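Okay, so here's the structure we're looking at.
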Amino acid sequence: MCLSEQLFNLYPNMFIDLPYIECDNGWNNIISDFCYNINIIHKQLTEDQSFKIEQLKEKFGVLTIYLSHYPEDKVIYNNIKEIILNSVKQSSITCEICGAPGRLRTGIWIKCKCDNCYDKYPGSRKPLLL
């Protein structure tokens, strides 16, 4: 079973439909941890506060997460925002391909890759210096 199906089965109330995950398998643990942590908040929300995860994808070398909307409650909003930012930060130092420690690299695309995957899969040939 692919990660999308696993997440949909574990957290059916958090997704509108089977989630579309547009990134390589190296971030599977980050995405799974994100869903686990966001579900803790989601279970406590009322129907009118509830949101759905619409998309999880790589964009500009990091995990990008789209929600249907954010709850108006500032405490809940800040908790969600913190979980998202932690996941994005983790993705910026984790190889998208294999899950090893990596760094953002520029080239045709900005991708987070470890040294091994950087050599194995051409396409981004310069490290991004932040």
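Structure above, values below:
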{"item": "Long-range HN-HN contacts of Arg103 with modeled amide H, under 5 Å", "result": "Lys113, Cys114"}
{"item": "Proximal lysines to Lys111, defined as alpha-carbon separation beneath 29 angstrom and excluding residues fewer than eight positions away on the same chain", "result": "Lys52, Lys57, Lys59, Lys81, Lys89, Lys120, Lys126"}
{"item": "DSSP loop GluC sites (Glu not before Pro) with at most 14 other Cβ within 10 Å excluded, longest remaining stretch of the chain", "result": "73-130"}
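Every read-out reported here was derived from the displayed coordinates using simple, explicitly stated rules and does not represent laboratory data. Fair warning: this is a prediction, and the values are worked out from it, not measured in the lab. Positions of Cβ are backbone-derived with ideal geometry, glycine not excepted, and every protein chain shown enters the neighbour counts.
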